[in-house]
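First up is the structure itself, then whatever we jot down about it.
The values are calculated or read from the model by the stated rules, or taken from the named source; none is laboratory data. Quick caveat: nothing in here was measured; it's all calculated off a predicted structure. Don't worry about glycine lacking a Cβ; one is built from the backbone with ideal geometry, like all the others, and counts go over all protein chains shown. With ligands, DNA and RNA removed, areas are computed over all heavy atoms of the protein, side chains included. Shrake-Rupley method; radii C 1.70, N 1.55, O 1.52, S 1.80 Å.
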Amino acid sequence: MNKLMRHRIRSVVVTAAVGVLALVASGCGDGDAGSDELAGELRVVANWTGSEGDAFQKVIDGFEAKHPDIDVRVEQVPFDQTQALLTQQFAQGSPPDVSVALPGIIRTLSRQHLLLELDDMWETWVADGAYPASLRDVAKGAGDATEAVYFKGNVNGLIWYDPTHLKRLGIEPSTTWDGFLDAADTARAAGVEPFAVGGKDGWPLTQWADPVLLRVAGPEVFHQLQNGELGWDDERVVEAFTVLSDLMRDYFPANALSAGFTDATCARAKGDYAFQNQGAFVNSIAPAECDEGIEPGKTLAFFPMPAYDPSVPAAQAVSGDLFIGAKSTEHEAATRALLEYLGSADAQRIWAKIGGYIAPNLQVPTSVYPTVNDREAAKLWPKGNVDAAYDLDDWIGGEVQVTYTQALAQLARDHSVDAFVEAMTEVDTRSAK
């Protein structure tokens, strides 16, 4: 998914980007390296601004109330600058004590042995039922060690719609693939485009690719492709992208690549489109960006993208934010305490109550969420034997990620699965090693 926008759609403080990138951090406070004292100043890098920044600060306030001798200094960094910033500061030996990170950069820093190992807290969480093992896998570094905590979740593959609009069109939300396509056909017959896409921003195309890959090829193939254990020319992968290509050809609007995410979201809210395949964050984005009168559950609802093949094992496409700790921190005990807190139900409950957030910790009850859509999305968060399939391009990262978004756009133009597979096979050579 495109890292400049992705699902955040924040009011990014662009003017701070130059200063942030030039920052060469000083020490993290007084104390000896590896201090076991729960005290000191911690520097934390996060991406959230505006109302999301306020929500995260409330979480930090909760931590500082528990640990009054720890002072947490939050630096807000534009999302698309985070990887460059972390690469720079870790290389200079002046990393933040704690930072938001995605799996790609986590594994990069892990290979350099720069991150704290967090296996003990994860073993406790999994044993207590706070997290399934599949989410622990998302938080692993380059090896078997777990080196991140999951803090903010998102579920993808949700088909958003206005119940009042669908009722006027005589369409019922479907639980089957054929019914899903029939609904799209009915909308088009009534003069309404089936899907709002927003592909100009790039990442909305990946929102289609991940759940289709999961539903057609299944979670095992998804993870093998994710980990470079099989190639893009595998027949099961090719079948999945053929299904996606057919969807693009038959149901994407003419402006699929010329309209951005926000425009597409608001056009669907106005009734120009019947559906929008997007993540749970639409529940907060649509009222904030399109129409304050949108009512979750009344004029905004969703159903999960139906199964393509009922025999394929259950899996949920997810994305979200993780946090890492620097091994070189001067306050290791305090850093570990903050990471453990961020992964806890106590911390995640704070933001969940505000909305626009899914708590990855399963011990946060759904009753705390403010709207019916938040609650229903939270119920879909992976648990038990339901596999968690983390956002494919965020997982792989690097040049493969850039090419993937470009190749999906080209697939939407020419519907050539062969060309898509060729482009991805050329850039992603991991399975050949």
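Within the chain, which is the longest segment that contains none of the GluC sites (Glu not before Pro) sitting in a DSSP loop with at most 14 other Cβ atoms within 10 Å?
Of all site-free stretches, the longest is 38-228.
Along the charge dipole of the chain, which of Q112, A315, T175 sits closest to the positive end, that is, farthest toward it, with unit charges on the beta carbon of Lys, Arg, Asp and Glu (+1, +1, -1, -1)?
Going by the charge dipole, the pick is T175.
Output needed: percent of Cα pairs per 10 Å distance bin for the chain, bins running from 0 to the one holding the longest distance.
Bins of 10 Å from zero give 4, 22, 32, 26, 12, 3, 0, 0 percent of pairs.
Can you show me the helix-derived [θ] at 222 nm for the chain, built from DSSP H runs with n ≥ 4 at -39,500 (n - 2.57) apiece and divided by the number of residues, rounded to the nearest 500.
Using -39500 (n - 2.57) per qualifying helix, the result is -13500 deg cm²/dmol.
Cross-link candidates for K327: which lysines have Cα within less than 25 Å, leaving aside residues fewer than 8 places away along the same chain?
K66, K140, K152
Starting with the highest mean, order 380-389, 210-219 by the number of other Cβ atoms within 10 Å, averaged over the residues of each peptide.
210-219, 380-389
Taking a virtual spin label 7 Å from the Cα of E422 along the C-beta vector, which residues in the stretch 217-238 bring their backbone nitrogen under 15 Å of it?
From the stretch 217-238, the list is 233.
Rounded to whole Å and sorted largest first, list the principal axis extents of the Cα atoms in the stretch 148-295.
Taking the Cα atoms of the stretch 148-295, the three principal extents are 47, 38, 29 Å.
Using a ≥ b ≥ c from the Cα gyration tensor of the stretch 122-170 (square roots of the eigenvalues), is it rounded, prolate or oblate, where a/c under 1.5 gives rounded and otherwise the larger of a/b and b/c decides, a/b for prolate?
prolate
Be a star and scan the stretch 231-274 for residues whose amide nitrogen sits under 12 Å from the point 7 Å along the Cα-to-Cβ vector of A190.
Within reach of a label on A190: 271-274.
Quote the FRET efficiency, to the nearest 0.05, computed for D128 versus K379 with a Förster distance R0 of 22 Å and r equal to the Cβ-Cβ distance.
For R0 = 22 Å, the calculated efficiency reads 0.65.
State, to one decimal in nm, how far the label point of V312 lies from the label point of D71, with both points 7 Å from Cα in the Cβ direction.
A separation of 5.3 nm, rounded to one decimal place.
For the stretch 171-229, build the charge dipole from Cβ charges (+1 Lys, Arg; -1 Asp, Glu) around the Cα centre, then report which of P204, A187, N227 sits farthest towards its positive end.
Toward the positive end, the furthest listed residue is P204.
Might you work out the accessible area of S110 for me, using a 1.4 Å probe with all protein chains in place, and round it to the nearest 10 Å²?
Per-residue accessible area (S110): approximately 10 Å².
Determine the per residue accessible area of the chain with all protein chains present and a 1.4 angstrom probe, expressed in square angstrom.
Dividing the accessible area of the chain by its residue count gives 39 Å².
Could I have the simple spin-label model distance between E229 and T176, label points 7 Å from Cα toward Cβ, reported in nm to one decimal?
So the two model labels end up 3.3 nm from each other.
By per-residue mean of other Cβ atoms within 10 Å, what is the highest-first order of 95-106, 270-281?
In descending order of packing, they fall as 95-106, 270-281.
Can you list the HN-Hα couplings for the stretch 175-190, worked out from phi with the Karplus curve (6.51, -1.76, 1.60; θ = phi - 60°), rounded to whole Hz and with x for Gly and Pro?
10, 10, 5, 4, x, 4, 5, 4, 5, 5, 5, 5, 4, 5, 4, 8
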